[in-house]
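Inspection log for the structure reproduced underneath, given as structure tokens.
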Amino acid sequence: MISRRSFCVTAGLSVAGALTQPMRAAARSNEVLVGLQNDVFANFFYGKPAGIILEAVDSVLRQSGRAPVYVVMPYNEIAAAMQEGTVGVRTVTVEAPANRSWMLFTDPIVTEYNVIAVPTGSKLTVNRLADLHGLRLGGRQGYQYPLLDTDPEIKLERFAQDGALIRNLILGRIDAAVISALSDVFKLRAEGVMPRIRILDRAVGTVPLRAGLSRRVFSQDDLENINGHLADLKASPLWIDILERNGFADLAVEWPSIDR
């Protein structure tokens with residue numbers, strides 16, 4: 001994950017113009033500010049949008065007649081700016097009731113699956129929720145696991161960071177860890193950790209990842225138009241190119257769900 005805290009915008013747009021004079025950022029009627037945080041799915045690098053979600057957003061916005069202008073900013077600032085109508089789009093968004101009053105949600109761009117990781121030497125198999133009963137199971141603080149949280153026999157030890165979660169798994173302090181099949185596996189593979197863990201073949205939850213659109217900037221008709229272009233993109237060879245170029249071609253797959 002790229003950890004730049006400063007704002008990065010497209011050529012010709014200053015930071016001051018993006019933040020203190022928002023109307024300059026949208027000087028042309030088709031320009032729209034897109035807020036992102038520089039994560040594995042959406043980052044602005046070497047002056048270009050990169051990442052499978054941001055590249056998809058860039059494509060469908062342009063197909064819809066919009067000219068995206070990218071601003072890297074903290075999550076809470078993106079939310080506030082979208083409610084004001086300054087920022088029009090937020091990448092990597094999870095639909096939630098609290099956001100529906102001020103945000104429209106695109107169709108899912110990719111689906112993040114929650115999967116079970118175990119140490120390489122573990123003989124554990126998991127086919128149904130009851131197989132998790134009695135295990136020392138790890139997860140992340142601040143994450144919701146609806147399928148697991150409904151079973152009182154499943155106990156999750158929460159860790160503040162992915163590194164602490166995986167370290168405790170490898171050291172045998174927990175039996176298994178709930179991780180994300182896209183973002184976590186991508187990062188663990190890049191860090192050389194994957195030879196030390198094994199991913200079981202059943203998902204224990206799904207998280208559809210979307211783009212969010214400010215209701216002050218986009219209408220329902222705009223959303224339907226964007227969703228149409230998104231469907232066309234995902235049915236085209238360009239989508240395969242985006243996945244392959246970003247190292248997700250073998251990760252962005254459907255997982256069978258665990259039996260209840």
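Can you give me the Cα centroid spacing of segment 233-258 and segment 46-66 in angstrom?
Cα centroid of segment 233-258 versus Cα centroid of segment 46-66: 16 Å apart.
Estimate the FRET efficiency between R167 and D259 by the formula 1/(1 + (r/R0)^6), using the beta-carbon distance for r and 30 Å for R0, to the nearest 0.05.
Efficiency, from the Cβ-Cβ distance: 0.50.
State the percent of C-alpha pairs, over all pairs in segment 111-206, separated by a distance greater than 16 angstrom.
In whole percent, the share of Cα-Cα pairs in segment 111-206 beyond 16 Å is 49.
Give me the lysines in straight-line cross-link reach of K48: C-alpha distance below 23 Å, same-chain residues under 8 apart excluded.
Cross-link targets: K187, K234.
Give, in nm to one decimal, the length gained when the segment between K48 and R100 is fully stretched (0.36 nm per residue of separation minus the Cα-Cα distance).
Stretched fully, the K48-R100 segment lengthens by 15.7 nm.
So what is Rg over Rh here for segment 185-232, counting just Cα atoms and using Kirkwood for Rh?
Here Rg/Rh amounts to 1.24.
Quick one: compute the contact order of the chain, relative version, from alpha carbon pairs under 8 angstrom and 6+ residues apart, as a percent.
25 percent
Could you calculate the FRET efficiency of D151 with D107 from 1/(1 + (r/R0)^6), where r is the beta carbon distance between them and R0 is 30 Å, rounded to 0.05?
0.50
At 10 °C and 1.306 mPa s, grab the translational diffusion coefficient of segment 159-260 from Stokes-Einstein with a Kirkwood Rh over Cα pairs, rounded to a whole number in µm² per second.
The calculation lands on 96 µm²/s.
How much length is gained on full extension from T125 to Q83, taking 0.36 nm per residue of separation minus their Cα-Cα distance?
That works out to 10.5 nm of additional length.
Here, each number is a calculation from the coordinates, and none is a lab measurement. Fair warning: this is a prediction, and the values are worked out from it, not measured in the lab. For neighbour counting, all protein chains shown are included, and Cβ atoms are generated from backbone atoms with ideal geometry for every residue, glycine included.
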